[in-house]
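Q: Input: one structure, supplied below.
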Amino acid sequence: MKKSIFVLALLGAVTGTATAQSSVTLYGLVDVSYQNIRSGHNSALGGASLNRLADGSTFGPGSRWGIRAAEDLGSGLKSNVVLESGFFTDVGSSAQGGRLFGRQAFISLASTSLGEIRLGRQYIFHDEVTILNNPYGNATILNTGAPITLPNGLITMFIDAPRIDNAVQYLSPVLGGFRVQAMVAAGEGVADRYHGLKASYVRGPLNIALSYEQSKSRAGRPASPGTSAIAAGDGVNKIVEMGGNYDFGAFKVFGGYQQGKDLTTGTLGVPSTGGVGTQITSLTIAGLTGAATELKAYTAGLSVPFGSTVLAANYTRSKFENSAGAGRTLSRIGLGAHYNLSKLTSLYAAIGVHQGDLREFVNEKTVFQLGMRKAF
């Protein structure tokens with residue numbers, strides 16, 4: 001009897017030690033807003049207005065729940081797991097095409113001295129850079145990567161495909177504020193092969209980053225009016241982006257630039273499931289002969305805190321060009337207010353007004369939104 005009690009006590013001690021060295025965290029975000037959309041006269045909505053309740057994913061980060069697990073292996077080594085599932089608060093359905101963990105799903109091994117290796121579905125580099133260039137961090141209509149609806153499909157002012165499948169990423173340790181990252185995703189025979197590099201620097205009030213990415217076409221694409229032929233293995237969706245912000249205390253400034261070359265929605269008309277440009281469903285731009293093959297975009301913004309309220313504004317301009325150099329522009333002025341009821345609950349309002357050559361062709365000529373966000 002005494003021997004049995006001793007064994008049970010020993011097992012309890014071992015379990016307690018393992019628990020102390022491991023952690024599992026459940027977290028989430030619920031974000032929904034009322035939106036009033038006023039469309040351009042030549043858009044799919046034909047100048048009509050639309051009132052709707054929509055999840056935050058429409059112009060921002062989106063509702064989600066997730067699990068983080070970490071285990072301290074000793075000697076500065078940790079193993080980690082992140083599983084994150086997206087959903088639409090307005091209708092209660094799963095996001096990311098119904099995937100169980102469509103936002104993120106990766107395992108990693110991290111060393112304090114050597115860096116970290118991550119394997120699985122992960123955020124893409126230019127999405128991480130885009131977060132730095134706007135006042136609300138890729139939320140509200142001020143988001144430079146917010147989807148805009150043309151009659152032939154979706155475009156974005158800053159290309160922002162958030163995630164990529166089957167990715168292997170290396171993150172270096174932070175040295176003097178600097179960090180470098182590298183990522184590849186093979187495509188596994190069904191998607192374009194992806195390669196990316198990113199460098200970032202964070203020191204005090206300064207936060208800046210630079211990324212370069214491109215994909216290798218899986219099957220190629222024949223020439224069409226305004227575009228050149230793409231052979232299998234050719235580089236496509238070549239994207240360089242710079243973004244950053246500086247906090248002066250009384251206010252914060254933001255800025256960013258992006259250039260995309262050899263843009264494509266996929267190969268042979270089939271959208272790639274792993275390429276950088278997959279969130280663009282059409283490169284047919286009104287008034288532009290042939291498909292757009294290049295994008296040049298920049299943004300500048302400002303935020304000012306007043307106690308629990310943060311007021312913000314930004315200006316974003318994009319130019320879509322075909323291979324002949326002809327272009328069409330779209331710009332947006334955005335204004336917003338964010339009020340923190342607590343550290344985890346906030347209210348927000350924002351308005352975005354589009355101008356430029358394409359203003360009458362977009363559903364979202366003017367967008368007003370009023371929403372609530374709750375983290376846990």
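Q: Listed residues 53, 45; which is under 25 Å from the mean Cα position of the chain (by Cα), aliphatic (A, V, I, L, M) and open to solvent by 50 Å² or more (accessible area, probe 1.4 Å)?
A: Testing whether each residue is under 25 Å from the mean Cα position of the chain (by Cα), aliphatic (A, V, I, L, M) and open to solvent by 50 Å² or more (accessible area, probe 1.4 Å) leaves just 53.
Q: Now a separate question. In the set 143, 152, 134, 138, which member is more than 11 Å from the chain's Cα centre (by Cα) and within 13 Å of residue 299 (Cβ to Cβ)?
A: 134
Q: Within segment 66-88, can you find the residues that are free of Cβ contacts under 8 Å to residues at least 40 places away in the same chain and among the acidic types (Asp, Glu)?
A: Residue satisfying the conditions is 84 alone.
Q: Taking residue 194 as the residue in question, decide whether it is surrounded by 13 or more Cβ atoms within 10 Å (Cβ to Cβ), under 30 Å from residue 311 (Cα atoms) and aromatic (Phe, Trp, Tyr).
A: In short, no.
Q: Considering only residues that are of a type in the set (D, E, K, R), closer than 18 Å to residue 137 by Cα and open to solvent by less than 40 Å² (accessible area, probe 1.4 Å), which ones fall in segment 310-361?
A: Listed by number, the list holds a single entry, 332.
Q: Looking for whichever is surrounded by 14 or more Cβ atoms within 10 Å (Cβ to Cβ) and touching a Pro at 6+ places or on another chain (Cβ under 8 Å) here; the options are 218, 179. Which one fits?
A: 179
Q: Can you find even one residue in segment 83-99 that is in a strand (DSSP E or B), surrounded by 18 or more Cβ atoms within 10 Å (Cβ to Cβ), of a type outside the set (S, T, N, Q) and touching a Ser or Thr at 6+ places or on another chain (Cβ under 9 Å)?
A: The answer is yes; a qualifying residue exists.
Q: Sticking with this structure for a sec: Can you tell me which residue in segment 303-330 is nearest to the chain's Cα centre (by Cα), limited to those that are of a type in the set (Ser, Thr, Tyr), in a strand (DSSP E or B) and within 22 Å of residue 370 (Cα to Cα)?
A: Residue satisfying both the conditions and the ranking: 316.
Q: Select from segment 113-143 the residues that are modelled with pLDDT under 95 and either surrounded by fewer than 18 Cβ atoms within 10 Å (Cβ to Cβ) or touching a helix residue (DSSP H, G or I) at 6+ places or on another chain (Cβ under 6 Å) (or both) and write down the one among them that is farthest from residue 280 (Cα to Cα).
A: Going through the qualifying residues, I end up with 137.
Q: Taking segment 225-243 as the region of interest, how many residues are assigned to a strand (DSSP E or B) and on the phi > 0 side of the Ramachandran plot?
A: Of the residues in segment 225-243, 1 are assigned to a strand (DSSP E or B) and on the phi > 0 side of the Ramachandran plot.
The values are calculated or read from the model by the stated rules, or taken from the named source; none is laboratory data. Everything numeric here is computed off the predicted structure, so don't read it as measured data. Ideal geometry is used to build each Cβ from the backbone, glycine not excepted, and the neighbour counts take in all protein chains shown. SASA here: full protein model, heavy atoms, side chains in, ligands and nucleic acids out. Shrake-Rupley method; radii C 1.70, N 1.55, O 1.52, S 1.80 Å.
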